[in-house]
1. For the range 46-159, give the percent of accessible area contributed by carbon and sulfur heavy atoms, probe 1.4 Å, rounded to a whole number.
2. Lys/Arg Cβ at +1, Asp/Glu Cβ at -1, dipole of the chain taken about the Cα centre: which of G99, W37, I48 is farthest positive-ward?
3. How big is Rg to Rh over the chain, alpha-carbon atoms, Rh as the Kirkwood inverse-mean-distance radius?
4. Can you tell me the dipole magnitude for the range 68-124 around its Cα centre, using point charges on the Cβ only (Lys, Arg +1; Asp, Glu -1), in Debye to the nearest 20?
5. Pairs on different chains or at least eight residues apart, Cα atoms closer than 15 Å: how many lysine pairs in the chain fit?
6. What 222 nm value per residue comes from the helices of the chain, counting each DSSP H run with n ≥ 4 as -39,500 (n - 2.57) and dividing by all residues, nearest 500 deg cm²/dmol?
7. With +1 assigned to the C-beta of every Lys and Arg and -1 to the C-beta of every Asp and Glu, and no other charges, what is the dipole magnitude of the range 31-132 about the Cα centre in debye, to the nearest 20?
8. Hey, can you grab everything whose amide H is under 5 Å from the amide H of R128? Only 5+ residues off in sequence or another chain; H modelled, so Pro and N-termini drop out.
Amino acid sequence: MIAMFDGKYAFLSNFYPSPITFDGITFPTVENWFQAWKTENPAEFKAIATADTPGKSKRLGRHCTLRKDWEEVKTDVMMRGLRLKFQDPKLRAMLLATGDEELIEGNTWHDNTWGNCVCQKCQDIPGRNMLGMLLMELRTEILYEEAQKEKENNHESKD
């Protein structure tokens with residue numbers, strides 16, 4: 001089990017530097033990506049997307065004009081950001097190197113939705129660990145894609 005996204009596993013964190021360029025905007029991290037999509041206000045979106053730290057992006061995201069459908073789309077937004085992040089071959093290989101370990105976004109900042117807070121106050125609150133779950137789902141998708149490519153390559157080499 002990987003219980004925290006720090007040290008050797010810091011790359012699993014949404015705060016990890018992993019630039020994503022989309023529609024001409026470069027998001028420095030998945031955190032910037034996720035927070036920016038909370039709003040449909042173009043000025044707020046750009047400010048959040050390009051904030052120079054993920055922490056600043058998160059703070060801006062807490063005070064932006066929230067889109068009406070945010071609760072319905074936020075999980076898809078997160079997964080899309082993770083898919084873009086892990087297109088990077090180095091990060092992809094690092095994710096696959098976690099094998100079949102359970103990935104838990106353990107934290108101390110009371111996030112029991114995307115992670116599992118381990119502080120004294122939250123010790124009896126089970127975290128939903130949505131980020132860990134999405135990362136494990138993505139890891140499975142990548143393994144499937146690679147198996148399909150291998151299968152195609154083997155088939156082509158027999159022809």
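1. That fraction is 51 percent.
2. Comparing the listed Cα positions along the dipole, I48 ranks first.
3. 1.02
4. In debye, rounded to 20, the range 68-124 gives about 340.
5. Total qualifying Lys-Lys pairs in the chain comes to 10.
6. -15500 deg cm²/dmol
7. So the magnitude is around 400 debye.
8. Under 5 Å from the amide H of R128: T113, G115.
The values are calculated or read from the model by the stated rules, or taken from the named source; none is laboratory data. Remember, predicted model here, so these are calculated numbers, not experimental data. Every residue, glycine among them, receives a Cβ derived from its backbone with ideal geometry; neighbour counts consider all protein chains shown. Ligands, DNA and RNA are excluded from the accessible area calculation, which covers all protein heavy atoms including side chains. Shrake-Rupley method; radii C 1.70, N 1.55, O 1.52, S 1.80 Å.
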